[in-house]
Amino acid sequence: MKNIVVLVGSLRKDSINKTYTHALEKLATGQFAFHYADMDLPLYNDDLWQSPPAKVVALKEAIAKADGILIVSPEYNRSIPAVTKNAIDWASRPYGQNAWKGKAVAITGASTGSQGTAVMQSQLRSSLVILGTAVLGDPEVYITFKPEMLDADGAFANEGTVKFLKGFLDNFDAWIDRVK
Ligand code: FNR
């Protein structure tokens, strides 16, 4: 079973991205063990490296140990939310100690809008590439979230959605092996 660190870019309790990620986790049972990163980090400040916040140290250690990293993020104003970007920036520093380098990463996201985080993902991909990650390119997974996507247990209700997202997880699984 692969160890996947999961960064969900929303802090709110009823986040659709958290709900969506939990459904993905169910689908990945027996394949991936999800470890959720604490995303409630201080705003990036270079001065804090003198005595780095424990949560930042934990994030960097988790990324270093992970087989792969899954980033699930909302889209804010056609861009990357501060919560998501802040975690990426913290893990990229201090200079010369970029935790992202060489890591296999998959990205996805859910929004209430019809474009399902496509613009955010495009920008996220650009940032991750310059950090030296290997970002999964196929399939692209843009989710316009509707509560009826899930059944009473919080699993994906639709057979087509299950097939598509299982394909996403399987491609990520194979991608991790390739990157290693
Ligand atoms: C949004 N939302 C949004 N949706 C979208 O598809 N494209 C966008 O550019 C934006 N912009 C945006 C900005 C801000 C500041 C907020 C708060 C929201 C709507 C967004 O998809 C919706 O609030 C989701 O529910 C956010 O995800 P979580 O927090 O539920 O995971």
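Amide H to amide H under 5 Å from residue 36: which residues, 5+ apart in sequence or cross-chain, H placed 1.01 Å off N in plane?
Sorted by chain and number, the residues that satisfy this are 6.
Taking only the alpha carbons of segment 41-124, what extent do you get along each of the three principal axes, in Å, biggest first?
Here the Cα extents, ordered largest to smallest, are 43, 27, 19 Å.
Under 13 Å from the Cβ of residue 64, count the other residues' Cβ atoms, weight Lys and Arg +1, Asp and Glu -1, and hand me the total.
Around residue 64, the charge tally is +2.
Please report Rg (one decimal) and Dmax (integer) in Å for the Cα set of the chain.
15.6, 51
Calculate, axis by axis, the spread of Cα positions in segment 127-180 along the three principal axes, and write the results as whole Å, longest axis first.
Projected onto its principal axes, the Cα set of segment 127-180 covers 39, 22, 17 Å.
I need the phi-derived Karplus couplings for segment 94-103: 6.51 cos²θ - 1.76 cosθ + 1.60, θ = phi - 60°, integer Hz, Gly and Pro marked x.
x, 3, x, 10, 6, 6, 7, 3, x, 8
Taking the alpha-carbon distance from residue 13 and a cut-off under 29 Å, which lysines remain once sequence neighbours fewer than 8 residues away in the same chain are dropped?
2, 26, 55, 60, 65, 85, 103, 146, 163, 166
Which residues' amide hydrogens lie under 5 Å from the amide hydrogen of residue 104, considering only partners 5 or more residues apart or on another chain, with H built in the peptide plane?
Excluding prolines and chain starts, which carry no amide H, the hits are 69, 134.
In whole Å, how far is the Cα centre of segment 1-37 from that of segment 77-101?
19 Å
Counting Lys and Arg as +1 and Asp and Glu as -1, what is the net charge of the other residues whose Cβ lies under 11 Å from the Cβ of residue 2?
Summing Lys and Arg as +1 and Asp and Glu as -1 gives -2.
Bear in mind that the values in this text are calculations on the coordinates, not laboratory data. Since we're looking at a predicted model, the values are computed, not measured. Here the Cβ is made from the backbone with ideal geometry for all residues, glycine too, and neighbour counts use every protein chain on show.
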